[in-house]
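S.K.: What follows is a structure written as C-alpha cells; I'll ask about it next.
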C-alpha cells in the first residue's frame, strides 16, 4: 500500500493540477477569441443567446444524488419508481452510479469497448464490450439496436451517458419514439469550448432543440476537471453534466432551478472550485 502524501507533497500535487487547469483555460480562451474574429463564425451575442436557452427548470420533484463523491455522481429527480432499465454507455472504471441503480432493483445495461467486464457486477447488471455509435459496425452498436434488443417497447428507461464527445453522433441517431422512452436522462456534454466555431454552434443548437421537444432540463453542473473558457466577460465550461426529465412528468409553470444545488460536488478537488456559470443571467 502506498504511503500517504505528506502535507508538502499534497500541496505541490494540487498546485500542479491548478497550474495545468490555468494553462488549459488560457489556451481555450485564446482559441475562442480567435474564432470570434472570423466573420463566418457566430458572434459572442449569438453564443450568449443560445446558452440562455440552457436554463434549468425546477421540475416539481426533489433532486437526489446517486453515485460516488466527486466525479461519477449525478443529481436526478426523485422519480425512479416504475423505471424498467438503465442504459449506461461509457463505463470506464466508474461503477458507483450503476451499482446504486442496480441495488434499487432496476435492470442495468452497460457498454464500453475500452474496458473488460468490470468486477463486482450484480446479477441484474449486463455488460457489453462495445462502443455506442452512429452505426452498427465492428466494435460499435447503435443506441436504437441496444435498446430494442433488451427492452419491451412500452417501458420507461433511464439514460446515463458519458462517451467523451461521441454524444453528438449518437443522440441525433436515436428515433424520437425511443428518445421519449427515457423518463430521465443524465448526459455529460463535451467540447463546449468549440461553440465559437460555426459547425459546432449549429450542431449544438440543433441537438438541444431536439432534446427540449421531449424533455425539460432540470439540472446543470459544470465539470471542473478541464479549464474553463472565458471571453468577453463570459465563462463557458467545456464539459458539463445535464439532467433531463421527460415533459409528461412535470406540471404547471416551471421556475428556474437552484444552481448550484446543495448536493452538487466538484468533480475534482485538485482543480479550482469554480461554480457552474449562470448562462441565462448574463
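The numbers here are math on the coordinates, done by the rules we state, and not lab data. Because the structure is predicted, anything quoted here is derived from the model rather than measured. Note that we place each Cβ from the backbone using ideal geometry, even for glycine, and neighbour counts take in every protein chain shown.
S.K.: Show me the three semi-axes of the equivalent ellipsoid for the chain, from the C-alpha gyration tensor (sqrt of 5 times each eigenvalue), largest first, rounded to whole Å. The partial results should precede the final answer.
M.R.: On the way: eigenvalues 172, 124, 76 Å².
Result for the chain: semi-axes of 29, 25, 20 Å.
S.K.: Efficiency by 1/(1 + (r/R0)^6): what FRET value for residue 202 and residue 122, r their Cβ-Cβ distance, R0 = 30 Å, to the nearest 0.05? List each step's numbers first, then the result.
M.R.: Working: r = 42 Å, r/R0 = 1.40.
Calculated value: 0.10.
S.K.: Semi-axes, largest first, in whole Å: what does sqrt of 5 times each Cα gyration tensor eigenvalue give for the stretch 141-282?
M.R.: Gyration-tensor ellipsoid for the stretch 141-282: 27, 18, 15 Å.
S.K.: Cut-off is 10 Å between beta-carbons; in what order do 278, 221, 38 appear when sorted fewest neighbours first? Can you show the working numbers first?
M.R.: Working: 278 16, 221 25, 38 11.
Ordered by Cβ neighbours within 10 Å, fewest first: 38, 278, 221.
S.K.: Mind telling me which of 160, 103, 265 comes out most flexible in a GNM of the chain, alpha-carbon contacts under 10 Å?
M.R.: Ranking 160, 103, 265 by mean-square fluctuation puts 103 first.
S.K.: Relative contact order for the stretch 7-281: what is it in percent, counting Cα pairs under 8 Å that are at least 6 residues apart? Walk me through the numbers on the way to the answer.
M.R.: Numbers: 499 pairs, mean separation 69.7, N = 275.
Dividing the mean separation by the residue count of the stretch 7-281 yields 25 percent.
S.K.: Still on this model: Quick check: Cα centre of the stretch 192-227 to Cα centre of the stretch 47-121, how many Å?
M.R.: When both Cα centres are located, 18 Å separates them.
S.K.: How fast does the stretch 97-175 diffuse by Stokes-Einstein, in µm²/s, taking the Kirkwood radius from C-alpha pairs at 25 °C and 0.890 mPa s?
M.R.: On the way: Rh = 13.4 Å.
The Stokes-Einstein estimate is 183 µm²/s.
S.K.: Report, for the chain, the % of DSSP beta bridges that are antiparallel, rounded to 5.
M.R.: Values: 22 of 42 bridges.
Rounded to the nearest five, the antiparallel share is 50 percent.
S.K.: Per residue, how much space in cubic angstrom lies within the convex hull of the C-alpha atoms of the stretch 114-156?
M.R.: Details: hull volume 3.9 nm³, N = 43.
Expressed per residue, the convex hull around the Cα atoms of the stretch 114-156 is 91 Å³.
S.K.: Å³ per residue of the Cα convex hull, for the stretch 40-123? Write down the numbers at each step before the final one.
M.R.: Numbers: hull volume 13.7 nm³, N = 84.
It is 163 Å³ per residue.
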